[in-house]
Amino acid sequence: MDGRRIADALLAALIASRCAACDCLLAQPTRGTVCPECWAAIATFTPPLCRRCGDPLPSWRAVSRGSQRCVRCRRVPRPLDGGRAVGPYKGALRAIVHAFKYDGRRSLARPLAQLVQRHAEDLLSQADLAVPVPLHWSRQHRRGFNQAAELTAHLGLPVVHALCRHVRTQAQVTLPSARRHANVRGAFVPARRAWWRRGPTNAVLRGRTIVLVDDVCTTGATLDACARVLKAEGARRVLALTVAKVVAWRPR
Ligand SMILES: [Zn+2]
Ligand SMILES: [Zn+2]
């Protein structure tokens, strides 16, 4: 029996650790706070995906003549130049993100970021810098960390905390979709303009391709608002990466 198996057996017998997502007893607690079955149960998006927002598209046949963009992205001009999420915000992925964000399981940042890396290699290879979506300072103080910043730290790109959230917006999930854009409009400013801290000058953003990182994308309103600020700061392209995404419609 190697050391790890002994440690697993001891921990399992003594502490009875439970999976942070499904609450089953963990057979191998040294391998993380989420059981292998939950990681394996994550539903992921498969191509074809919208080139602009990352939503799954109905079929290759339907998109071959078009620009490989979903109906919404074709209809509404958006500041984002690309986007990707691992999968829909439901089931195992939702439970894991929930444990990470609301139960304070910060150790999940690394495996979640690795999952994002595997699903967005092409986007990450185009990016020069990563910028996390900020939390309002009061919310960050209460939670103890910003989940987006934790994820960003493990993506293997230089991180710039270029944005601040200076308005404490209502949580997007609590609002009807029609109100979400208005809720976050004007909520973000360049970090250098925030009065409570001296942020970077953001000169480093000029002419660069930025990857904007958050845990969940609901309607895209938050990502759009952040992307507008980054573009105004001189970013050439802004790509959005999230762990999970709420999909507005079901692919047939
Ligand atoms: Zn589990
Ligand atoms: Zn789209």
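Out of Asp81, Asp122, one residue alone is acidic (Asp, Glu), away from ligand 1 (no atom under 16 Å from the Cβ) and out of contact with any strand residue (DSSP E or B) (no Cβ under 6 Å at 6 or more places or on another chain). It is Asp122. Just to be sure before I move on: is Pro88 closer than 22 Å to Leu205 by Cα and touching a strand residue (DSSP E or B) at 6+ places or on another chain (Cβ under 7 Å) in the structure I sent? No, not satisfied.
Suppose we filter Asp122, Asp128 for residues that are touching a residue at least 60 places away in the same chain (Cβ under 8 Å), charged (D, E, K, R) and assigned by TED's automatic domain parsing to the domain that holds Arg105; which single one remains? I'd like the intermediate steps shown before the answer.
Working: Asp122 fails: touching a residue at least 60 places away in the same chain (Cβ under 8 Å).
Just a single option satisfies the conditions, and that option is Asp128.
Here are Arg110, Arg139, Arg193: which of them is surrounded by fewer than 16 Cβ atoms within 10 Å (Cβ to Cβ), assigned by TED's automatic domain parsing to the domain that holds Cys73 and modelled with pLDDT of 95 or more?
Details: Arg139 fails: modelled with pLDDT of 95 or more; Arg193 fails: modelled with pLDDT of 95 or more.
Step by step, each of Arg110, Arg139, Arg193 is checked, and only Arg110 is surrounded by fewer than 16 Cβ atoms within 10 Å (Cβ to Cβ), assigned by TED's automatic domain parsing to the domain that holds Cys73 and modelled with pLDDT of 95 or more.
Within the stretch 8-25, track down each residue that is more than 8 Å from ligand 1 (Cβ to nearest atom), of a type in the set (A, V, I, L, M, F, W, C) and either in contact (Cβ under 8 Å) with a residue 24 or more places away in the chain or part of a loop (DSSP other than H, G, I, E, B) (or both). Ile15, Ala16, listed by residue number. Checking Cys70 against (1) in the same structural domain as Ala127 (by TED's automatic domain parsing); (2) of a type outside the set (Gly, Ala, Ser); (3) surrounded by 16 or more Cβ atoms within 10 Å (Cβ to Cβ); (4) within 16 Å of ligand 1 (Cβ to nearest atom), only one condition comes out false. Which one? So Cys70 meets the others, but not (4).
Would the stretch 42-58 turn up any residue that is among the small types (Gly, Ala, Ser) and either in contact (Cβ under 8 Å) with a residue 24 or more places away in the chain or assigned to a strand (DSSP E or B) (or both)? Yes - at least one qualifying residue is present in the stretch 42-58.
The values are calculated or read from the model by the stated rules, or taken from the named source; none is laboratory data. No experiment lies behind these values; they were computed from the predicted model shown. All Cβ positions, even for glycine, are placed from backbone atoms using ideal geometry, and neighbour counts span all protein chains on display.
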